[in-house]
Amino acid sequence: MKLHRESKGTITVATLLFIILGALAIYFLKIWSLVIIMPLLVIYGLVFWFFRVPDRNILDHKENVIAPVDGKVVMIKEVEEDEFIKGKAIQVSIFMSPLNVHICRYPVSGDVIYKKYHPGKYLVAWHEKSSTENERTTVAIQTMTDHKVVFRQIAGYVARRIVFYCNEGDKAKAGHEFGFIKFGSRMDVFLPLDTEIICKIGDITKGGEDVIAKLKEN
């Protein structure tokens, strides 16, 4: 199983803790140490699972907007996007549980024209104000068809570290990685009002493969 580059520090700490706690359990509890070691082994295995990098069949999506993360669609509504669009947009929010793949992918291809990191709170990811008050990174892309698509990584109560690798001026390619959120949280995508929304609330998405919307052809 291939592991993500962000796993290095976490897995090192998890390995040391597993060895130390396991050794203490064996020393003090003898045969009963399995009561401690088995749950530790499960947790240790989950740490590896959290950082897995699955193979994805990434296609050229053109006007299609693809799911930027693995997760569940929890919100589709018209909102005011005040940071970049400064007007109305359709917001599609995907919640990532700790068991989902945590890689963040570009939902569309084009030029990265805006990127800003905001320190903030750590409200639970499904809180309505988490999109504007939590630690977050906002990115905007201008597509080859001259649409502007904004998306936002949001840290949550458990996921307290967001990582992003893109910068203004970069070329974005739909389905390719631009960041990572440790241990789940949420991704918001803001689309033009005339976008055809294909997904629905409750849908389970696979980042880099599933189409969630289609931009209007210009």
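The values are calculated or read from the model by the stated rules, or taken from the named source; none is laboratory data. Note that the structure is a prediction, hence the values are computed from the model and not measured. A quick note on method: Cβ atoms are made from the backbone with ideal geometry, for glycine too, and the neighbour counts reach across all protein chains shown.
Only residues that are in contact (Cβ under 8 Å) with a residue 40 or more places away in the chain, assigned to a strand (DSSP E or B) and under 18 Å from residue 65 (Cβ atoms): list them for the stretch 137-151, please. Scanning the stretch 137-151 gives 138, 140, 148, 149, 150, 151.
Here's a check for you: in the stretch 207-218, which residue that is assigned to a loop (DSSP other than H, G, I, E, B) and in contact with a strand residue (DSSP E or B) (Cβ under 9 Å, 6 or more places away or on another chain) is nearest to residue 131 (Cα to Cα)?
Among those residues, the one meeting the criterion is 207.
Test each condition in (1) under 18 Å from residue 212 (Cα atoms); (2) modelled with pLDDT under 95 for residue 132 and report the one that comes out false. Exception for residue 132: condition (1). For the stretch 101-116, a tally of residues being in contact (Cβ under 8 Å) with a residue 40 or more places away in the chain and in a strand (DSSP E or B) returns 9. When 39, 54, 98 are checked against the criterion of being of a type outside the set (Val, Ile, Thr), surrounded by fewer than 18 Cβ atoms within 10 Å (Cβ to Cβ) and not in a loop (DSSP other than H, G, I, E, B), 39 stands alone in meeting it.
Taking residues in the stretch 1-15 that are touching a residue at least 60 places away in the same chain (Cβ under 8 Å), and partners anywhere that are assigned to a loop (DSSP other than H, G, I, E, B) and of a type in the set (Val, Ile, Thr), the pairs with Cβ atoms closer than 7 Å and at least 6 places apart or on different chains are 4/53.
Do you know which residues across the stretch 42-64 are touching a His at 6+ places or on another chain (Cβ under 9 Å) and either acidic (Asp, Glu) or within 23 Å of residue 196 (Cα to Cα) (or both)? Listed by number, the residues that qualify are 58, 63. When you look at residue 122, is it closer than 26 Å to residue 2 by Cα and among the aromatic types (Phe, Trp, Tyr), yes or no? Taking the combined requirement at face value, the residue does not satisfy it.
How about the stretch 9-25: which of its residues are farther than 13 Å from residue 41 by Cβ and either at pLDDT 90 or above or in contact with a Gly (Cβ under 9 Å, 6 or more places away or on another chain) (or both)?
Scanning the stretch 9-25 gives 12, 13, 16, 20, 23, 24.
Scanning the stretch 83-95 for residues being assigned to a loop (DSSP other than H, G, I, E, B) and modelled with pLDDT under 95 gives a total of 0.
Mind listing just one residue for me: the one in the stretch 48-73 that is under 19 Å from residue 186 (Cα atoms) and at pLDDT below 95 and, of those, farthest from the chain's Cα centre (by Cα)? Step by step, filter the stretch 48-73, then rank; the result is 49. Among the residues of the stretch 117-131, at least one is among the aromatic types (Phe, Trp, Tyr) and without any contact (Cβ under 8 Å) to a residue 40 or more places away in the chain. Of all residues in the stretch 180-218, those being of a type outside the set (D, E, K, R) and either touching a Pro at 6+ places or on another chain (Cβ under 8 Å) or at positive phi (or both) number 10. Checking 72, 77 one by one, the residue that is without any contact (Cβ under 8 Å) to a residue 24 or more places away in the chain, in the same structural domain as residue 108 (by TED's automatic domain parsing) and at negative phi is 77 and no other.
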